[in-house]
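Asks: One structure follows; several queries about it will come next.
The values are calculated or read from the model by the stated rules, or taken from the named source; none is laboratory data. Values in this document were obtained by computation on a predicted structure and should not be read as measured data. Glycine also receives a Cβ, built like all others from the backbone with ideal geometry; neighbour counts cover every protein chain displayed. The accessibility values were calculated without ligands, DNA or RNA, using every heavy atom of the protein model including side chains. Shrake-Rupley method; radii C 1.70, N 1.55, O 1.52, S 1.80 Å.
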Amino acid sequence: MDENAPPGRLPDRDRPWVMRTYAGHSSATATNALFRRNLAKGQTGLSVAFDLPTQTGYDPDHELAAGEVGRVGVPVAHLGDMRALFDGLPLAEMNTSMTINAPAMWLLALYGTVAMEQGYPADMLSGTTQNDIIKEYLSRGTYIFPPAASLRLTADVIAYTLREMPKWNPVNICSYHLQEAGAMPVQEVGFALATAVAVLDAVRDSGQVPAERIGDVVQRISFFVNAGARFVEETAKLRAFGALWNEITRDRYGVAEEKQRRFRYGVQVNSLGLAEAQPENNVQRIVLEMLGVTLSRDARARAVQLPAWNEALGLPRPWDQQWSLRMQQVLAYESDLLEYPDLFEGSHVMTALVDGIVAGARLELAKVLELGGVVAAVETGYLKSALVASLADRRRRMEAGTDVVVGVNRFTETEPSPLTVVGAEAIEQVDPAVEAAAADAVREWRAGRDAAAVDAALARLRADAATTTNLMPATLECVRAGVTTGEWAGALRQVFGEYRAPTGLSGAAGAGGAAGLARVRERVAATARELGSGRLRLLVGKPGLDGHSNGAEQIAVRARDAGFEVVYQGIRLTAGQIVAAAVEEDVDLVGLSVLSGSHLAAVPAVLDGLRSAGRGDLPVVVGGIIPTGDAEELRVAGVARVFTPKDFALTDIIDELVTVIREANGLA
């Protein structure tokens with residue numbers, strides 16, 4: 001205690017939050033080396049990014065995994081991969097966050113088994129499995145099973161960790177992805193709390209946790225939030241989150257102990273808010289966003305991970321991640337932020353902002369509960385439609401210039417950036433050989449196992465899944481037998497089935513009188529008349545495992561408003577499925593959306609499929625996070641246009657799609 005501390009300061013400086021970088025790529029061995037470097041630089045926790053095949057329950061040699069292995073995270077197909085990922089890292093001393101949802105139980109079982117092999121019992125482990133499946137149906141798209149079955153898996157993990165891993169956070173309710181999908185603050189808070197209510201209800205109703213221990217469950221639930229550049233509003237949002245969480249856990253679940261009701265959250269600031277144009281401006285955006293979750297002591301994040309300045313360009317390099325880590329360290333160690341009590345206590349402005357968000361979020365939560373809860377709100381499409389409509393409204397404000405994005409829709413004059421002058425070298429490049437090596441390795445792993453033990457473990461998993469038995473013991477048996485990620489998920493697919501979430505397009509509002517739309521609408525109608533068809537038909541396709549569908553949905557909404565007939569079947573399609581839909585629906589144009597970086601594999605597969613189907617004449621356009629060199633390669637392969645995040649004006653994009661159709665059909 002410093003008894004001579006100046007008035008207004010804390011007697012002791014607060015401890016900094018846990019500092020993480022979101023990391024993982026190419027292989028378990030390469031990611032392990034990256035972890036070691038980041039820890040040596042002062043990072044205080046690990047945040048593991050898994051690749052899309054792992055997140056969606058496929059092995060590296062599956063057809064849908066083509067082009068995605070090691071692309072946006074590390075592939076973990078079995079126990080051997082998890083051993084390599086954490087080789088030499090004492091797991092009892094780590095605080096590990098794993099961004100994994102549908103197969104969270106599987107990855108946690110792998111992690112716990114590796115810790116046991118290191119000599120650490122499960123009750124020594126601390127960290128978090130994200131394990132919030134609801135937002136996957138609304139934004140990220142890495143769901144596998146139907147909502148009710150997915151919630152059952154979440155409840156099983158919570159019940160298991162309560163008994164065996166008391167330091168572990170078994171679920172991390174994510175409002176982060178809701179904001180990226182378009183949620184306004186009241187929606188973000190209301191929808192996320194509706195998810196938390198569904199999780200707690202599922203645990204309570206499962207009968208696996210005694211009623212008197214519900215407070216222990218509540219105190220191990222954490223949240224993962226988003227923070228945009230409007231940092232004053234973001235500060236109010238987090239204070240509102242805490243107030244409502246305290247109210248719900250006290251009144252709905254009877255948690256008497258205030259400490260158990262505390263709102264605990266980690267944050268990654270807004271990655272999708274980063275711009276490709278003038279990307280150096282992303283640095284100050286990230287700093288402002290970090291302030292929104294650190295300035296208020298009473299609502300400060302427990303853990304922070306920041307994106308890198310160049311994430312709108314591609315996969316960040318280790319140096320880029322280091323820069324983001326240093327931002328946190330400068331704020332925590334050089335500034336005086338941690339020396340003071342809450343800066344907003346007693347502020348009339350902040351109180352009014354918080355009260356407004358609390359009132360609005362309470363209404364959103366009540367609306368979801370009236371529909372029957374968050375599962376019903378997912379299955380009816382209500383939540384997805386609300387987010388698509390909200391994002392469409394945000395895009396309209398940006399296009400109109402009401403919402404200013406520096407360097408994108410205002411102050412666009414610029415000098416060449418020395419940060420990007422080296423082109424493709426400004427981002428991390430994943431060696432294409434990684435995928436082939438991973439596929440060979442998983443086949444070798446399967447060949448070296450005890451086949452009878454594998455069959456018995458999978459049979460037990462399927463049998464238990466058909467009952468209400470907690471699935472963690474059967475999953476641990478699968479881990480020890482050498483079952484792979486794809487086999488574990490495949491066994492549960494056989495019992496639970498797979499799920500196709502609503503696209504949310506049916507309830508989305510159009511652009512109305514957006515500038516220039518009437519002219520584009522007339523071009524669409526005129527082109528249809530010249531081609532002798534009733535309406536122009538656009539197929540919007542999401543090839544591979546990339547589930548970030550926000551951009552594709554916004555293109556679909558605006559194209560529909562411009563007079564196109566839009567065919568959109570949702571996410572996670574093979575090239576063959578996209579080609580079949582294009583032929584069967586007799587479309588005039590195919591638009592592919594790929595944000596995972598797998599465009600050089602996914603797009604040529606569709607082009608080849610169209611040629612094989614006799615429709616090589618059908619124009620194809622592509623949108624995504626695509627470096628300049630890759631864009632040129634796609635054009636050489638036959639792509640008519642390539643759109644990237646700098647192409648933010650949706651009506652202009654739709655106008656260009658009409659031009660592509662006219663060019664392909666020889667119209668002036």
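Asks: So which residues in the range 458-476 are under 16 Å from Gly207 (Cα atoms) and either in contact with a Phe, Trp or Tyr (Cβ under 8 Å, 6 or more places away or on another chain) or among the basic types (Lys, Arg) (or both)?
Replies: Correct list: Asn470, Met472.
Asks: One residue is enough: does the range 263-279 have a residue meeting the conditions more than 24 Å from Gly597 (Cα to Cα), at pLDDT 95 or above and part of a helix (DSSP H, G or I)?
Replies: No: zero hits.
Asks: Shifting gears a bit: Can we say Thr412 is of a type in the set (Val, Ile, Thr) and either under 18 Å from Leu79 (Cα atoms) or surrounded by fewer than 17 Cβ atoms within 10 Å (Cβ to Cβ) (or both)?
Replies: Considered against the rule, which asks whether it is of a type in the set (Val, Ile, Thr) and either under 18 Å from Leu79 (Cα atoms) or surrounded by fewer than 17 Cβ atoms within 10 Å (Cβ to Cβ) (or both), Thr412 comes out as yes.
Asks: In the set Val374, Val388, Val405, which member is in contact (Cβ under 8 Å) with a residue 12 or more places away in the chain, in contact with a Ser or Thr (Cβ under 7 Å, 6 or more places away or on another chain) and at negative phi?
Replies: It is Val374.
Asks: Now a separate question. Return the residues of the range 386-409 that are open to solvent by 20 Å² or more (accessible area, probe 1.4 Å) and either in contact with a Gly (Cβ under 7 Å, 6 or more places away or on another chain) or aromatic (Phe, Trp, Tyr) (or both); say none if nothing qualifies.
Replies: Hits for the range 386-409 are Ala389, Arg394, Asn409.
Asks: For the range 443-466, which residues satisfy the criterion of being open to solvent by 60 Å² or more (accessible area, probe 1.4 Å) and either at pLDDT below 95 or closer than 22 Å to Glu164 by Cα (or both)?
Replies: Arg460
Asks: Could you tell me whether any residue of the range 567-584 is of a type in the set (D, E, K, R) and open to solvent by 10 Å² or more (accessible area, probe 1.4 Å)?
Replies: Yes, the range 567-584 contains a residue that is of a type in the set (D, E, K, R) and open to solvent by 10 Å² or more (accessible area, probe 1.4 Å).
Asks: Filter the range 198-224 down to the residues that are assigned to a helix (DSSP H, G or I), open to solvent by 50 Å² or more (accessible area, probe 1.4 Å) and closer than 13 Å to Arg261 by Cβ and list them by number.
Replies: Listed by number, the list is empty, since nothing qualifies.
Asks: Given (1) open to solvent by 10 Å² or more (accessible area, probe 1.4 Å); (2) assigned to a strand (DSSP E or B); (3) at pLDDT 95 or above; (4) of a type outside the set (Phe, Trp, Tyr), identify the lone condition not met by Ser593.
Replies: The one condition Ser593 does not meet is (3).
Asks: Please determine, by comparing only the residues of the range 146-164 that are surrounded by fewer than 23 Cβ atoms within 10 Å (Cβ to Cβ) and of a type outside the set (Asp, Glu), which one is farthest from the chain's Cα centre (by Cα).
Replies: Arg163
Asks: Further question on the same structure: Which condition number in (1) open to solvent by 50 Å² or more (accessible area, probe 1.4 Å); (2) closer than 23 Å to Pro279 by Cα is the one that Val642 fails?
Replies: Tallying (1) open to solvent by 50 Å² or more (accessible area, probe 1.4 Å); (2) closer than 23 Å to Pro279 by Cα, Val642 fails exactly one: (1).
Asks: Now a separate question. Can Asp251 be described as more than 26 Å from the chain's Cα centre (by Cα), open to solvent by 50 Å² or more (accessible area, probe 1.4 Å) and either modelled with pLDDT under 95 or within 24 Å of Thr128 (Cα to Cα) (or both)?
Replies: No.
Asks: What pairs come out if I take residues in the range 323-343 that are more than 26 Å from Glu311 (Cα to Cα) and pair them with residues that are open to solvent by 60 Å² or more (accessible area, probe 1.4 Å) whose C-beta lies under 7 Å away, six or more apart or interchain?
Replies: Correct list of pairs: Leu338/Arg13; Glu339/Arg9; Glu339/Arg13; Tyr340/Arg9; Pro341/Arg297; Asp342/Arg297; Asp342/Asp298.
Residues checked against (1) outside any loop (DSSP other than H, G, I, E, B); (2) of a type in the set (Asp, Glu); (3) without any contact (Cβ under 8 Å) to a residue 60 or more places away in the chain; (4) out of contact with any His (no Cβ under 6 Å at 6 or more places or on another chain):
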site: Arg521; (1), (2), (3), (4): yes, no, yes, yes
site: Ala525; (1), (2), (3), (4): yes, no, yes, yes
site: Gln554; (1), (2), (3), (4): yes, no, no, yes
site: Gly563; (1), (2), (3), (4): no, no, yes, yes
site: Ala581; (1), (2), (3), (4): yes, no, yes, yes
site: Val587; (1), (2), (3), (4): no, no, yes, yes
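Asks: To continue, here is another question. Given (1) buried (at least 20 other Cβ atoms within 10 Å of the Cβ); (2) more than 21 Å from Thr484 (Cα to Cα), identify the lone condition not met by Tyr120.
Replies: (1)
Asks: On to the next question. Can you find, within the range 596-628, the residue that is most open to solvent (accessible area, probe 1.4 Å) among those that are farther than 23 Å from Asn665 by Cβ and not in a loop (DSSP other than H, G, I, E, B)?
Replies: The qualifying residue most open to solvent (accessible area, probe 1.4 Å) is Thr628.
Asks: Can you give me the number of residues within the range 370-381 that are surrounded by fewer than 18 Cβ atoms within 10 Å (Cβ to Cβ) and within 18 Å of Tyr137 (Cα to Cα)?
Replies: Count: 4.
Asks: What residue, of Tyr120, Tyr111, is without any contact (Cβ under 8 Å) to a residue 40 or more places away in the chain and under 22 Å from Leu492 (Cβ atoms)?
Replies: Only one candidate qualifies: Tyr111.
Asks: Same structure again: Of the conditions (1) under 25 Å from the mean Cα position of the chain (by Cα); (2) outside any loop (DSSP other than H, G, I, E, B), Ala227 satisfies every one except a single condition; which number is it?
Replies: (2)
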